[in-house]
Amino acid sequence: MTSPGAVALVADDHELFRAAVADLLKRDCGFTSVIEVGSLDEAMQVLGEHPEISLASFDLAMPGVGNATSLRSVREVFPKVRVVVVTGSGGRDDILLALQAGLHGYVPKTLGIAEIANAFRTVLGGSIYVPAAVTELPAQSAPPVVNVPARLPELTGKLTPRQQDVLRLIRCGRSNKEIAIALGLTENTVKVHANALYRALGVHNRYGAAHMADPA
């Protein structure tokens, strides 16, 4: 399941739960080392510094993560890492967002220890894990399509505070490297935030983001 010396990452702002997941990964899933962090920015820093990481677990409620869609860029920047959401929400919409984002698993914190361990083993085995209860929930109607407004105050309401910081610097013409230096982040982290904000604004690149953000 895991190779000797396998390394995992657990990103959760709840220290006790983070430690519990780390212990489970070492005890039940064969990981030699588990790195613990408390925010998305820290997670991106660690992933960039440790290419040996094969599994990363993220809590949706921690700083820097708005919903499962925010983690799609993690998959794009670190395609070899198996990415799993371990969070308090078991809502159908959140689970479907995680699947649409290309994540490898969605694990509600309400599951028992044995079930959580089995979920990780499923993901490590190459499959996608979602809780069985998702098939029992009624399907919800799709949200209405809303045109993205053109004014900056309205647009930034769609973004996390860190994504807003990156957007402001993009509008100033800064490169990813310059933004990383200004915000004290790695370039990989900036790329993750930039990709997430492009997706939130419905554009394809930094030019599109800057153009849409200009006041009408």
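Derivation of every value follows stated rules applied to the coordinates shown; laboratory data play no part. Values in this document were obtained by computation on a predicted structure and should not be read as measured data. All Cβ positions, even for glycine, are placed from backbone atoms using ideal geometry, and neighbour counts span all protein chains on display.
Between Ala182 and Ala210, the modelled label-to-label distance comes to 1.1 nm, taking each label 7 Å out from Cα in the direction of the beta carbon.
Modelled spin-label separation between Asn118 and Ala19, with each label point placed 7 Å from Cα along the Cα-to-Cβ direction: 2.8 nm.
Listed peptides 56-69, 189-202 appear in the order 189-202, 56-69 once ranked by packing, highest mean of other Cβ atoms within 10 Å at the front.
Put simply, the amide H of Gly105, placed in the peptide plane, has neighbours under 5 Å in Val85, Tyr129, leaving out anything fewer than 5 places away on its chain. Our Cα-only numbers for region 1-95 put the radius of gyration and Dmax at 12.5, 37 Å. Could you pull out the pairs from Lys109/Lys191; Lys109/Lys177; Lys80/Lys109 whose alpha carbons sit more than 27 Å apart here? Exceeds cut-off: Lys109/Lys191; Lys109/Lys177. Projecting the Cα atoms of Cys29, Thr69, Thr87 onto the dipole axis of region 5-139, where Lys and Arg carry +1 and Asp and Glu carry -1 at the beta carbon, places Cys29 farthest toward the positive end.
Only the Cβ atoms of Lys and Arg (+1) and of Asp and Glu (-1) were treated as charged; on that basis the dipole of region 79-134 about its Cα centre amounts to roughly 200 debye.
A DSSP coil position with no more than 15 other Cβ atoms inside 10 Å describes the following trypsin sites (Lys or Arg not before Pro) in region 31-98: Lys80.
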